[in-house]
Amino acid sequence: MYEGIIQDLIDELGRLPGVGPKSAQRIAFHIIASDRVDVTRLAEVLKTVKERVKFCTTCGNISEEDLCRICRDPRRDNTSICVVEESKDVIAIEKTREFKGKYHVLGGAISPIDGIGPENLRIKELMSRLAATEISEIIIATDPNLEGEATATYLTRLIKPLGIKVSRLASGLPVGGDLEYADEITLGRAFEGRRSYDN
């Protein structure tokens with residue numbers, strides 16, 4: 001335990017996702033040892049991000065404007081929406097250059113253990129978008145874990161009666177992985193998404 005402001009800094013850094021006590025301490029001492037100009041620049045960027053970055057009013061992606069870059073792009077396919085949990089998922093999908101439609105960011109996944117139900121996500125906003133526009137396909141790209149599967153199932157039950165095609169991203173075994181280390185969900189999805197070899 002350190003004293004005063006040093007411990008406060010370590011505690012605050014430790015609250016960041018993926019930063020444990022040792023990492024928080026390492027980062028804190030790096031900041032303390034850094035040049036004042038570098039620390040001031042970091043502080044200014046953090047402050048500016050909180051002032052300028054907001055969520056797109058249509059899809060919920062992060063943006064500096066009311067509409068994000070993707071929602072503003074007239075070349076995107078307006079008939080297809082890919083539903084993701086977080087903004088970082090949009091970036092991951094965009095890197096593939098495979099999807100040309102629009103997105104909808106839920107802001108998380110259904111997780112009763114964490115007290116997150118459908119009412120805590122941007123599901124109502126998604127349903128409003130579906131009612132107001134001509135959407136022919138919803139691609140559900142939630143994480144392939146229990147929470148993601150629960151969210152995908154919930155969304156499918158809501159959307160199917162609207163006559164809109166609902167699909168789920170294929171997932172399965174990673175290249176170079178061993179079957180014995182795969183969890184039940186991954187193996188199950190691998191079986192569902194299996195392909196036949198044509199002779």
Task: Cβ-placed point charges (K, R +1; D, E -1), dipole of the range 1-153 about Cα centre in debye, nearest 20 - done: 480
- [ ] Please list the non-local residues whose amide H lies under 5 Å from the amide H of Glu85, H modeled 1.01 Å from N, same-chain partners needing a gap of 5 or more.
- [x] Leu106, Asp143
Open item on the list: As I understand it, the value is the acute angle between the Cα axis of helix 123-132 and the longest principal axis of the Cα atoms of the chain; what does it come to in degrees, rounded to 10?
Closed with: 50
Open item on the list: If you take every residue apart from Thr48 with its C-beta less than 14 Å away from the C-beta of Thr48, what net charge results, scoring Lys and Arg +1 and Asp and Glu -1?
Closed with: +2
- [ ] Could you work out the per residue convex hull volume over the alpha carbons of the range 6-88, in cubic angstrom?
- [x] 128
- [ ] Could you tell me how many degrees, from 0 to 90 and to the nearest 10, lie between the Cα long axis of helix 87-96 and the main elongation axis, the longest principal axis, of the Cα atoms of the chain?
- [x] 60
TODO: Report, to two decimal places, the Cα Rg of the range 55-168 normalised by 2.2 N^0.38 Å (N = number of residues).
DONE: 0.99
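If you take all C-alpha pairs in the range 75-140, what percent of them are over 17 Å apart? Let's see the in-between values first.
Details: 949 of 2145 pairs.
Tail fraction, whole percent: 44.
What does the helix-only formula give at 222 nm for the chain: each DSSP H stretch with n ≥ 4 adding -39500 (n - 2.57), the total divided by the residues, and the result rounded to the nearest 500 deg cm²/dmol? Numbers along the way, then the final one.
On the way: 8 runs with 88 residues, N = 199.
Per the formula, -13500 deg cm²/dmol.
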- [ ] Mind pulling the angle between the C-alpha long axis of helix 21-33 and the longest principal axis of the chain? Nearest 10 degrees, somewhere in 0 to 90.
- [x] 50
Task: Kirkwood Rh (inverse of mean 1/r, distinct Cα pairs), the range 4-52, angstrom - done: 11.5
TODO: Give the whole-number value, in cubic angstrom per residue, of the convex hull volume spanned by the C-alpha atoms of the range 108-149.
DONE: 66
- [ ] Quick one: work out the % antiparallel among DSSP beta bridges in the chain, nearest 5.
- [x] 20
- [ ] Quick one: plug the Kirkwood hydrodynamic radius of the chain (C-alpha pairs) into Stokes-Einstein at 10 °C, 1.306 mPa s, and report D in µm²/s.
- [x] 79
Task: Too-long pairs where the Cα-Cα distance tops 27 Å, listed order kept, from Lys124/Lys165; Lys47/Lys100; Lys100/Lys124; Lys54/Lys160; Lys50/Lys95 - done: Lys47/Lys100; Lys54/Lys160
Task: Under 5 Å, built H, 5+ apart or other chain: amide partners of Val166 - done: Ile138
- [ ] Loop sites only, by DSSP: take the trypsin sites (Lys or Arg not before Pro) in the chain that have at most 16 other C-beta atoms within 10 Å and name the longest stretch containing none of them.
- [x] 101-193
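Coordinate-derived values only; no laboratory data. Nothing here was measured: the structure is a model prediction, and the numbers come from that model. Neighbour counts are summed over all protein chains in view; Cβ atoms, including those assigned to glycine, are modelled from backbone coordinates with ideal geometry.
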